[in-house]
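Enquirer: One structure follows; several queries about it will come next.
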Amino acid sequence: MKGLIDSTLREGTQRVGVRFSSQQKQEIVSRLLDAGIEEIELGIVSTYDHELRQLLSWCRKHTNHRRYALWSRCCENDIRAAADLAPDILSLSIPVSDLHIHKKLERDRPWILTNLKKSLHLAYQLGFRYISVGLEDATRGDRDFLDMVFKTIRDNGAKRIRLADTVGIAGPTEMSNLVRRALNISGLEVGVHTHNDFGMATANALLALESGAQWADATIMGLGERAGNARLEELASFLHIRNKHNYDPAALVELAKITAKMCHREIASDKPLLGKQIFSCETGLHLQGLVREPASYEPFPPEKIGAQRDLRFGAKVGKKTLRDRINAAGQSLSEPQLEELVRNVRTVFQDNNASLPLNELDRLLQPG
Ligand code: HCA
Ligand code: CU
């Protein structure tokens, strides 16, 4: 794998109601770089967008990163506008499913191939040396036609093909097969852009990487059209913790929390990596394991992402946990006394639907 492409400032801002100020965009870029993200898609080239020039020149001045990308349709005016902004990478994009070609564009397959060729020539002529071609709705595209598209891209100077699962309809196996197909036929670098309509985006992105794709797109908190995209904090943290990639999970978690505030989004308490309760526990069996060896019920220590373990004592407490705490406080109870205590404790907490931090119990057990 070569890296992750963050598309928060392009795809993310397509989510209804999401907008970032120039200053917020700069903060997001700096933090993405601090977290180790390799490529950043800064926005969509459009003759209407005047902020992009400013953002790109800020990036040039304040960072020495050299993988800033701009997204552009295969459209002469947009490609010329992109060349004027001079990003490091041009992310051209073109639809490849018959549905998009016939209904949305009212064109046909030969038109797509011709337009692709023309656009690639123009981009090359205008000086772009790293051109990536995004294939919109690739997962619903006819496979034989896709092969022709892959060859056209290969033969006309692009460096990367990006396969988009535009409506999040692919399963992991399908995604993986498509990646292998693109790699075999084109010999180019392959990336994926996955959507989350069935909750598969992050898993699809991971499987694509495991199937040989060099790149995968993700956005902070999965911000993007509809149900969004692969979640950057989840994908990058997984790659760091499981595969030792050089990403910083704590920085990603902090960035996601800051971004949530910027766009006024709530974070669910059980959201992976971000939720308030993901290191809380009150069930007897798990508490027992966690007290003796945290790794028994945690995939990684909470400190790794700047969180804290929250062990609680309440209606689901077990006998072993209570006995350990009582003994640790220098006291002891007979087996029947302990049984009775567990029953009483469970009833009281059940009735009040409450729980206490375990160290609060220790305090209560202290003599005097
Ligand atoms: C969109 C386009 C896109 C493009 C992806 C790409 C998609 O729906 O706005 O160019 O790689 O999901 O198809 O984001
Ligand atoms: Cu998309």
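Enquirer: Relative contact order for the chain using alpha-carbon pairs under 8 Å, separation at least 6, rounded to a whole percent?
Expert: Once normalised by length, the contact order is 13 percent.
Enquirer: Take E210 and L356, extend 7 Å from each Cα along the Cα→Cβ direction, and tell me the distance between the two endpoints in nm.
Expert: Output for this residue pair reads 4.5 nm.
Enquirer: Taking Cα pairs under 8 Å and at least six residues apart, what relative contact order does region 1-156 come out at, in percent?
Expert: This gives 19 percent for region 1-156.
Enquirer: Evaluate Rg over Rh across region 157-264, taking Cα atoms for both radii and Kirkwood's formula for Rh.
Expert: 0.99
Enquirer: How big is the charge dipole of region 228-315 about its Cα centre, in debye rounded to the nearest 20, if each Lys and Arg gets +1 on its Cβ and each Asp and Glu gets -1 on its Cβ?
Expert: 100 debye
Enquirer: Per 10 Å bin from zero, what fraction in whole % of the C-alpha pairs of region 263-368 is there, up to the bin with the longest pair?
Expert: Histogram of Cα-Cα distances, whole percents per bin: 14, 41, 30, 12, 2, 0.
Enquirer: Something else now. Calculate the dipole size of region 3-262 relative to its Cα centre from +1 charges on Lys and Arg beta carbons and -1 charges on Asp and Glu beta carbons; express the result in debye to the nearest 20.
Expert: 380 debye
Enquirer: Another question, if that's okay. Give, as ranges by residue number, the residues of region 21-41 whose backbone N falls under 15 Å from the point 7 Å along Cα→Cβ of T63.
Expert: The answer is 22-41, whose backbone nitrogens lie closer than 15 Å to the label point.
Enquirer: With viscosity set to 0.890 mPa s at 25 °C, what whole-number translational diffusion coefficient in µm²/s follows for region 1-126 from Stokes-Einstein and a Kirkwood radius over Cα pairs?
Expert: Result for D is 157 µm²/s.
Enquirer: Let me ask something else about it. Farthest toward the dipole's positive end in the chain, which of P294, I79, S332, given Cβ charges of +1 (Lys, Arg) and -1 (Asp, Glu) about the Cα centre?
Expert: I79
Enquirer: Taking the Cα centroid of region 138-195 and of region 320-365, what is the distance between the two, rounded to the nearest whole Å?
Expert: 58 Å
Enquirer: Turning to a different aspect of this structure: Which pairs in the list K2/K25; K276/K320; K151/K257; K25/K271; K25/K151; K61/K271 are over 32 Å apart, alpha-carbon to alpha-carbon?
Expert: Listed pairs above 32 Å: K151/K257; K25/K151; K61/K271.
Enquirer: Where Rh is the Kirkwood radius over the Cα pairs of region 3-262, the temperature 20 °C and the viscosity 1.002 mPa s, what D in µm²/s does Stokes-Einstein return?
Expert: 118 µm²/s
Enquirer: Give me a comma-separated list of calculated 3J(HN,Hα) values for region 235-248, in order, Karplus coefficients 6.51, -1.76, 1.60 applied at θ = phi - 60°, integers in Hz, x for any Gly or Pro.
Expert: Going residue by residue, I get 5, 5, 5, 4, 4, 6, 6, 8, 10, 6, 6, 8, 10, 10 Hz, with x marking Gly and Pro.
Enquirer: Sorted from largest down, give the three principal axis spans of the alpha carbons of region 66-200, whole angstrom values.
Expert: Reported extents, whole Å, longest axis first: 39, 34, 27.
Enquirer: Sticking with this one: Would you mind checking the tilt of helix 172-186 against the longest principal axis of the Cα atoms of the chain, expressed as 0 to 90 degrees and rounded to 10?
Expert: With rounding to tens, the tilt is 30 degrees.
Enquirer: Right, here's the next one. Within 10 Å, count the other beta carbons around each residue, average over each peptide in 89-95, 220-226, 31-37, and list them highest first.
Expert: 89-95, 220-226, 31-37
Enquirer: So who's got an amide H within less than 5 Å of the one on I161, skipping anything under 5 residues away but keeping other chains? H placed 1.01 Å off N, in plane.
Expert: Distant-sequence amide H within range of I161: V133, E189, V190, G191.
Enquirer: Hey, another quick one. Pulled fully out, how much extra length does the chain show between D49 and R181, if you take 0.36 nm times their separation in residues and subtract their Cα-Cα distance?
Expert: So the extension gain works out to 43.9 nm.
Enquirer: At 0.36 nm per residue, minus the direct Cα-Cα distance, what do E293 and D108 gain on full extension? Give it in nm, one decimal, please.
Expert: 60.4 nm
Read the figures in this text as sums done on the coordinates, not as results from a lab. All values reported here derive from a predicted model rather than from experimental measurement. So basically every Cβ, Gly included, is an ideal-geometry build from the backbone, and we count neighbours across all protein chains shown.
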